[in-house]
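Please treat every number below as a calculation from the coordinates, not as lab data. From a predicted model like this one, the values you see are computed outputs, not experimental measurements. As a convention, Cβ positions derive from the backbone with ideal geometry for all residues, glycine included, and neighbour counts pool all protein chains shown.
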Amino acid sequence: MRRAFVTALAALVLPSAAFAAGPSYVAQGGLGVLAQGGKSRFVAVPAGGRTTIVRIAVPGGAVRGWATLRGGWGLPQPTLTSTEGLTRDGERLIVGTLGFSAATRFAVIDTKTLRVRDRFALHGRFAYDALSPDGNTLYVTEYVDADNASRYVVRAYDLRDHVLLPGRVADKTQRGWVMEGFALTRTTSDDGRWVYTLFMNPGGYPFVHALDTVNHSAHCIGLPWQGGGQGALDAMRMTLVHRGTALSLRWKSGRPWLTVNTATWGITHPHSASFAWGWTIGGLGGAILLALGAVAVVVTLRRRGEPGKEAVSAA
C-alpha cells in the first residue's frame, strides 16, 4: 500500500492523461474534480496495475485518503475542458475503466469513506456523459458501430435498479438529423437539470447539445459558421446568463459571438464580429485534430427507438 501511495503522489505532478473515445473519456492525473465546498479534489492516478483515487486537501495539497481499484480507471472527462463524476450532493463519485472491451465497468465511490459503494458493467462500449441532479440516473454514450468508433447514441442508466433504460435520449423534433463533432466545453444550469455541450463539427456546422437530465430528452442547436476550419472554437467560452434564460458564447478575449435562448432555442448575435481565425491552426484546436486523428464524433438525433434487448449485469 505504501508503494501505491508513493506512486500516486508522484503522479499528481503529471498532466492529465485522457483516454479518448468519441465525446467522452476518462482521465488520470491533472487537477481531477473539485469536491463540493471546494475543500478537496479527487484525482485518479496509476499505481502499478491498479488505480488510486486520491483525495487532496485544497489548499495545501495534503493527501486526505485514497481508494484503490484493480486495473485502469479514470475520472470522467466528457469534454476536453471538464472533469466530472461527482453527484450533486457530493456524496458519490463515478469512475470508469480505461479503454473499451466486451463490457464497460463503472464504480461508485463514497466520497467520505473512500470505499467502493457499488460496481456495475454494461455489455458493450460505453462512456460517461452526465448525471441527473438527484444522482440516480447516469447518462452514457453507447458506441454502436464496431467498425466506426465515432458513432454513438446517448442512453440513460438507472443507478438504483441497475437498469439500462430502453431507447435513446435524442431530439424528437429533429428526427434523422445526424451531426458530427468534438465536445469542446460545457456548462450546467444551477439546478443541475440542463447540461449544455459545445461541439466542433469539421465539415459541417458546430452545435450545442442541450441534455435534459430530468426528462431524459435532448435538443441540438446548430450554430451559424462561415469559412474554413473550426479550430477557433477552442477559444470559445460558454456560460448561462440572465438567470439561465440564455446561453452566452464568447471568445476567450471576452468578445461575444452569439446568444441562445434556452426556452425557444433561438439564436441572436449581440453585434457583428469577425471570427478569430488566428486560433484556427494553433493552440488546442490543432492539438485536438492531431490527438484524435481528425476522427469525428457522430451525434445521432432521432426519435426514441423501440425498446431493445440490452445486456446489463452487476460487476
Open item on the list: Run the simple label-point estimate for His123 and Arg50 please: 7 Å along Cα→C-beta, distance reported in nm.
Closed with: 3.1
Open item on the list: Can you give me the distance in nm between label points at Val163 and Thr245, each placed 7 Å from the Cα along the Cα-to-Cβ direction?
Closed with: 3.9
TODO: Take the Cβ-Cβ distance between Lys172 and Thr268 as r, set R0 to 25 Å, and report the resulting FRET efficiency rounded to the nearest 0.05.
DONE: 0.50
Task: Efficiency of FRET from Cβ geometry, Thr81 and Arg255, R₀ 25 Å, rounded to 0.05 - done: 0.85
TODO: Among the trypsin sites (Lys or Arg not before Pro) in the stretch 64-120, which ones are in a DSSP loop with at most 11 other Cβ atoms within 10 Å of the Cβ? Mind listing them?
DONE: Lys112, Arg115
Task: Fewest-first sequence of Thr51, Thr81, Thr187 by Cβ atoms within 10 Å of each Cβ - done: Thr81, Thr187, Thr51
Open item on the list: Please compute the length gained on full extension between Asp190 and Leu31, using 0.36 nm multiplied by the number of residues separating them and subtracting their Cα-Cα distance.
Closed with: 55.0 nm
Open item on the list: Compute the distance from the alpha-carbon center of the stretch 110-146 to that of the stretch 196-247, in whole Å.
Closed with: 24
